[in-house]
1. Taking a 26 Å limit on the Cα-Cα distance, which of the listed pairs Lys37/Lys77; Lys77/Lys145; Lys28/Lys145; Lys77/Lys139; Lys139/Lys247 fall beyond it?
2. What 222 nm value per residue comes from the helices of the chain, counting each DSSP H run with n ≥ 4 as -39,500 (n - 2.57) and dividing by all residues, nearest 500 deg cm²/dmol?
3. Sort Lys139, Lys242 by heavy-atom solvent-accessible area, probe 1.4 angstrom, most to least.
4. How large is the accessible surface of Arg274 in square angstrom, using a 1.4 angstrom probe and rounding to the nearest 10?
5. Of Ala177, Leu261, Leu303, whose Cα points farthest to the positive end of the dipole of the stretch 177-310 (charges on the beta-carbon: +1 Lys, Arg; -1 Asp, Glu; origin at the Cα centre)?
6. Quick one: which residues, 5 or more positions from Asp166 or on another chain, have an amide H under 5 Å from its amide H? H modelled 1.01 Å from N in the peptide plane, none for Pro or chain starts.
7. Probe 1.4 Å, all protein chains in place: accessible area of Met263 in Å², nearest 10?
8. With every protein chain in place, what's the accessible area of Leu73 (1.4 Å probe, Å², nearest 10)?
Amino acid sequence: MTLLFSNAAGTPKAYIVAHRCMIGAWPKPDDQTGNYKPNDIVTRACQFIQDQPGNAGVGDVYGSICDLAQRGLAGGKINQGISDVTPIVWSMAPGRVSAFSPFVAAILAPANVAEILTGAQAQDLEIDDLSTLLTDTSKVFDSNKRHDVARRILASLPVTLLEKPDGALGCWVSCVAEEDPGFAIDLLADDGFNDEQRNRILARVGDEALAEAPASLDGVLKDATRPKTRNALIERLTQVGKCCTSKSARSRLAERMIASLPMLSGEELHSVGRQIADLGGVSALERNEEVLAKLDAEQSRVLANAFPSSRRLRNALDVPES
């Protein structure tokens, strides 16, 4: 068998056929088969894939060495080579990768997953193949690795995937959310992202999720260094408020908005003020002397105009009636 693959290595077509025939048929090395050096076969196969990235037959070679490795016939250290060539194979034969998804997911590193999602895609990519691989991977990865994949995706420009803008990030967040529903909210709270990156994350957080986690609004509304994200959130506050299913939920959301008022100005301050009113938070705002005391004269004027019927608020802010 060692001689077979050695002789076929110089002829791509023959080499691919030899591997295709071995999928599901790799024997254990013993006295009858001899030591055919499985590790060497995997190493040579990975090199072949790297040398033939545009050859559709790399899927058969990949399937062969995945089958060999998952049977435990090669040393565990060899899995690194398989994971490194997985993005290459994915771009040509995603079905082959997804066919061995449980095994592949267990050996992939975050960098491999990010490369799969942001790299070139096969023309015949099926959503089921992508979903299978990402779901299995998200189950295997711990929280740190899941976040690492997201960070790597966010470090590159948005990539359209399956005809969805920024689909690389969207697909990963969606699959991880099946295991960890708070994943996107946790990403949103990560202070390591710039304005553009955080805005991309916010787009992946649903209105219901924001309503259920009002504390997540704090960091965004109070952050003047990321104006794009803050403005995007403010534009969604009406819909977020509508997702509150109880009076207590509306009150909690209003309280978070009230706490952010000293960090806002102009139209944003006015908009958030109106949302507080829509949530029934006028009385809570009128009583919050700590927040009101932090507002300067211009902020006080803008906020008073957002509540024209609240004489108590005007008095607290020392703003004369117009």
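1. Values: Lys37/Lys77 14 Å; Lys77/Lys145 20 Å; Lys28/Lys145 34 Å; Lys77/Lys139 22 Å; Lys139/Lys247 36 Å.
With Cα atoms farther than 26 Å apart: Lys28/Lys145; Lys139/Lys247.
2. On the way: 22 runs with 218 residues, N = 322.
Result for the chain: -20000 deg cm²/dmol, rounded to the nearest 500.
3. Values: Lys139 115, Lys242 140 Å².
The ranking, largest first, comes out as Lys242, Lys139.
4. Its heavy atoms expose roughly 90 Å² to the probe.
5. Leu303
6. Here the answer is Val159, Thr160, Leu161, since their amide H atoms fall under 5 Å of that of Asp166.
7. Here the accessible area works out near 90 Å².
8. For Leu73, the solvent-accessible surface is approximately 30 Å².
The values are calculated or read from the model by the stated rules, or taken from the named source; none is laboratory data. The model shown is predicted, which means the values in this text are computed figures rather than measured ones. Heads up, the Cβs are rebuilt from the backbone with ideal geometry, glycines too, and the neighbour counts pull from every protein chain shown. These accessible areas exclude ligands, DNA and RNA; they are computed on the full protein's heavy atoms, side chains included. Shrake-Rupley method; radii C 1.70, N 1.55, O 1.52, S 1.80 Å.
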